[in-house]
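Notes for the one structure printed next.
No value in this document is a laboratory result; all are computed from the given coordinates. For clarity, every value in this text was computed on a predicted model and none was experimentally measured. Ideal geometry is used to build each Cβ from the backbone, glycine not excepted, and the neighbour counts take in all protein chains shown.
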Amino acid sequence: MLLMAQAGSAPRSNAELAAAAQKIDSNAVLYAAALVRLVVDGGVALPEGVASTRELLQSAASLVAFQTARRVADKPQLEAAFTAALTDPALNSPPPVPATGAAPVVLRYGFGAGGTAVVAPRLTLRADGSATVVTDSARPAQWRMDGAALVLTYDNPIIRTGFTNAVSPPFVQYPTEFGTTALRFSDVGASNGRYALASMTTLAYTVIQGGPDAGRRDSVSSSLLRRYEVAALALRTADFPLGTRIAGLASERSPVAEFNANRQDVLRITGAGIGIMERTGATAYWRVFEGALLVDVGTLATRYVPLGTGPLGEERWAMEQLDTALDVTSHREVMAVRANEVSMSAADWVKPWVGNLNGAAGFQLVAELQANGRWGNNGAERGDPLPAVTNFSRHWRQLPDGRLELVSTTPGNCNPFIGLPNCTITLQRFWTPLARVGRTVWVMEHLIFNLGNPASISNDYRFVAFTDNSPGS
């Protein structure tokens, strides 16, 4: 019914069903279930003019309007219903696991939306109960079944260290340890032939070492993913003719446990089995093997496994970084887009744009560029109305090569492009448009942090999309 509501007609075959399902926001499915739960079990009235929950599910406009209304009226209630739907035993079923004596089973998880190279779990389950969990690195674990849930317990907890926030007197920050001990996975509902919705529950703890809040606190959090089924998908050598440019691939190894960990690039095919990474200039040796694209730039070997298509029509690939033994050391989900020539004037950029930078986390980014050289951004959680941009204290310009330069400064309202004294750039973005289809522009964003502190400058190269959000677009 959701497919009919969004596409206007029912799929006519299993292939059409699988293709259409990939474009539906995974969270939209669970929010629809949550809304039905609120009506059936929570006593919430249907919207005016909607006679039944079936009629509600068949109207995309009614669903969006009802969800927005419930978020305004009682957001905690809606989020509680969402979590209840996600963890409902009646909807949960176990993912595939190896039988006794059988070969290992590999499970790939992801989000189905969003830009950058998003860390996502890859599980290798062995019949003896051992497992390898790969996210930003590979870690050994043990697995078991607990009803419909696959439970993985790390051999050693994942530990991060930091400090508490000094938000009240005496403004002292205390050393803090953040640990993750286990993960739980269940399928949610049935597979559509490309993926099954899945819940991931993270079991963690926090230890504050000092102060009034000293001690250990355990926590449990759940999130919605997709468990991809990739057997029906395969890349071919013929998919990469001479001159093909593929944006979103990696040319450097992603740092472990680092926020600015994107090292994305564009692979240009220059011959049979050879290409060049346009950002770094590294020679790339490539081949297609068992339906996946293998790319070796000397310092990094990466395997790209097709996962299907995303909500903007982009290809989505699993990016598996490999060590010298070809074991997977990092697993991320990326957009892979065939780059084309993009010619945009400064005037073409003067409008509001919705970006998918944090789309995997359910966050909607709005960036608006003004003709006077100012820009600003705002954001909202998925399902909330898109907010207006009201703060235009930052500046932008188009460079002669077509790239955009967008900056933040100290003081915050000064324009560094006109030679003002004591106007320091603290954060710098360069946008290189790489593809444009309809209202969407795909951009490689080079983000430079901490320009005010040369000892800690960091660079991030991330591939994102911006969709024109002008009135009437």
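So here's what we get for this one:
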quantity: Options 383, 267, 68, ranked by Cα towards positive dipole end of the chain, top entry (Cβ charges); calculated: 267
quantity: Net dipole in debye of the range 73-195 [+1 Lys, Arg Cβ; -1 Asp, Glu Cβ; about Cα centre; nearest 20]; calculated: 300
quantity: Computed lengthening from residue 181 to residue 342, 0.36 nm per intervening residue step minus Cα-Cα distance; calculated: 53.3 nm
quantity: Backbone HN-Hα couplings from phi across the range 406-413 [Karplus 6.51/-1.76/1.60, Hz, Gly and Pro as x]; calculated: 10, 10, 10, 9, 10, x, x, 10
quantity: Estimated FRET transfer efficiency (residue 156, residue 380; beta-carbon r; R0 35 Å; 0.05); calculated: 0.40
quantity: 3J(HN,Hα) from dihedral phi, the range 306-313, Karplus parametrisation 6.51/-1.76/1.60, rounded to Hz, x for glycine, proline; calculated: x, 10, x, 10, x, x, 9, x
quantity: Total charge dipole magnitude, the chain, about the Cα centre, Cβ charges on Lys, Arg, Asp, Glu only, Debye to nearest 20; calculated: 380
quantity: Cα gyration tensor shape for the chain, rounded if a/c is under 1.5, else prolate or oblate; calculated: rounded
quantity: Rounded if a/c under 1.5, otherwise prolate or oblate - the range 179-258, Cα gyration tensor axes; calculated: oblate
quantity: Helix-only mean residue ellipticity at 222 nm for the chain, each DSSP H run of n ≥ 4 adding -39500 (n - 2.57), per residue, nearest 500; calculated: -4000 deg cm²/dmol
quantity: 13 Å beta-carbon shell around residue 120, net charge (K/R +1, D/E -1); calculated: +3
quantity: Cα-based shape type of the range 82-158, given that a ≥ b ≥ c are square roots of the gyration tensor eigenvalues and the cut on a/c is 1.5; calculated: oblate
quantity: Cα→Cβ-extended label distance, 7 Å offset, between residue 130 and residue 272, nm; calculated: 4.1
quantity: Summed side-chain charge close to residue 326 - residues other than residue 326 whose Cβ falls under 11 Å, Lys, Arg +1, Asp, Glu -1; calculated: -3
quantity: Charge dipole (debye, nearest 20) of the range 159-310; +1 at Cβ of Lys and Arg, -1 at Cβ of Asp and Glu; calculated: 200
